[in-house]
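These notes concern the structure reproduced below.
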Amino acid sequence: MQGLQDEFYMALALKEAAKAALIEEVPVGAVIVKNGRVIAKAHNLREKRGDATAHAELLAIQKACKRLGGWRLEDAELFVTLEPCPMCAGAILQARVKRLIFGASDPKAGAVGSLLNLLQDSRFNHQVEVKGGVCANESSRMLKEFFARKRGKERE
């Protein structure tokens, strides 16, 4: 049952990622769910805002905190199409997210298993349950197509 729910919410994150691609942002989308309800959705806006911190995960965390009226996202699940970077993994820890579900792994910047695993390091006072590979093929395909188009435009 949980696997189907994970795929449902990841499909919403993929829709957010598609929105990013339409505006020439790296296609990463994030959705935060608490008690079976979507409380925040976001996609990358780093290029549009000219802000290195405008990653989908951080924007979704900010929206969720604002909606809930506090910084603790205990019992919340974060769905993101790409394995979080160190900055986003740190924010996930600080927000006390209960569970992270991600799509594609990121061998160049992933901080949830690829390069390191910040979310399950027992030296921190909070650990996050992690599940990777949910809708990984769709996430990976979207990223590969985006970068192939970008490289093609640069060659023109």
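The values are calculated or read from the model by the stated rules, or taken from the named source; none is laboratory data. Please read these numbers as outputs of a predicted model, since none were measured by experiment. Note: ideal-geometry Cβ built from the backbone for every residue, glycine included; neighbour counts use all protein chains shown.
Here is how the numbers come out for the structure above:
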| item | result |
| --- | --- |
| Region 77-88 - residue that is among the aliphatic types (A, V, I, L, M) and either buried (at least 24 other Cβ atoms within 10 Å of the Cβ) or touching a Cys at 6+ places or on another chain (Cβ under 7 Å) (or both) and, of those, nearest to Gln120 (Cα to Cα) | Leu78 |
| Sole residue being in contact with an Asp or Glu (Cβ under 6 Å, 6 or more places away or on another chain) and charged (D, E, K, R), chosen from Glu77, Glu83 | Glu83 |
| The lone exception for Leu93 - which of (1) touching a helix residue (DSSP H, G or I) at 6+ places or on another chain (Cβ under 7 Å); (2) within 19 Å of Phe147 (Cα to Cα) it fails | (2) |
| Qualifying helices (runs of 4 or more DSSP H) (wholly inside region 1-117; at least 3 residues being at pLDDT 95 or above, closer than 14 Å to Gly132 by Cα and in contact with a strand residue (DSSP E or B) (Cβ under 6 Å, 6 or more places away or on another chain)) | 2-22 |
| Tally of residues being part of a loop (DSSP other than H, G, I, E, B) and under 18 Å from the mean Cα position of the chain (by Cα) across region 126-156 | 6 |
| Those residues of region 40-71 which are β-branched (Val, Ile, Thr) and surrounded by fewer than 18 Cβ atoms within 10 Å (Cβ to Cβ), in sequence order | Thr53 |
| Criterion violated by Arg123 - all others in (1) without any contact (Cβ under 8 Å) to a residue 40 or more places away in the chain; (2) over 13 Å from the mean Cα position of the chain (by Cα); (3) in a helix (DSSP H, G or I) satisfied | (3) |
| Residue match in region 27-38 (condition: over 17 Å from Phe102 (Cα atoms), free of Cβ contacts under 8 Å to residues at least 40 places away in the same chain and surrounded by fewer than 23 Cβ atoms within 10 Å (Cβ to Cβ)) | yes |
